[in-house]
Ligand code: SAH
């Protein structure tokens, strides 16, 4: 018989093993590769990725793989998220913009590191869910979320020292370039629907210096107004 005692015991051991699994993930998928930024590693070891997934995917939450969330979107692969945040070359007090909140996982990691994170999500339902989760986990005060097309940036809060775009596009949207501070960095997947190149661009004397990092696969960046559903 499945007693309350057993149920509670399972809950406790599940929680412990999530922490252990996160530690394992940090060691085997991040440190063993090229993630060296201590702030990024600290955040990755702390933020509960499973909380951003439906319960049927919890056993895979700390695998280094993207997973489905609602509305045919995906939560990014842990290594990719860590890499993108590290690629911004974090400094204390930086102003950060994220385009494509999705589940809110990357937003939580950014909020672990930065006091103010601005994020835009075009899908209303995802945005509401992400915000509720971020508030539940204690990141509510640090995150400003706008339900909007983030390809036009986050008007009124620019310039940003770092911009992370979590959806793919053929070129870097003009407004994002405008809203990037001098010496600021944008990390963005550039290319078609099958495969893209992760690009880091740094603003130097008002112009973008681009570096190609590696091949990647993201959902497409939608270019339109917010949904009304
Ligand atoms: N890093 C996120 C992954 C999000 S997937 C996570 O770990 O959960 C990309 C997200 O970008 C999707 O939720 C999609 O709805 C959103 N998106 C696509 N185009 C957008 C746009 N123009 N503005 C804002 N969000 C957009």
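When residue 172 is tested against (1) surrounded by fewer than 17 Cβ atoms within 10 Å (Cβ to Cβ); (2) in a loop (DSSP other than H, G, I, E, B), only condition (1) is not met.
Let's see how each residue does on (1) more than 13 Å from the ligand (Cβ to nearest atom); (2) under 19 Å from the mean Cα position of the chain (by Cα):
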| position | (1), (2) |
| --- | --- |
| 116 | yes, yes |
| 127 | no, yes |
| 156 | yes, no |
| 180 | yes, yes |
| 204 | yes, no |
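Within the option set 163, 172, 122, being at pLDDT 95 or above, near the ligand (Cβ under 8 Å from one of its atoms) and within 23 Å of residue 192 (Cβ to Cβ) holds for one residue only, 122.
The values are calculated or read from the model by the stated rules, or taken from the named source; none is laboratory data. As the structure is a computational prediction, the values presented were derived from the model and not from experiment. Cβ coordinates were reconstructed from backbone atoms using ideal geometry, including for glycine residues, and neighbour counts include every protein chain displayed.
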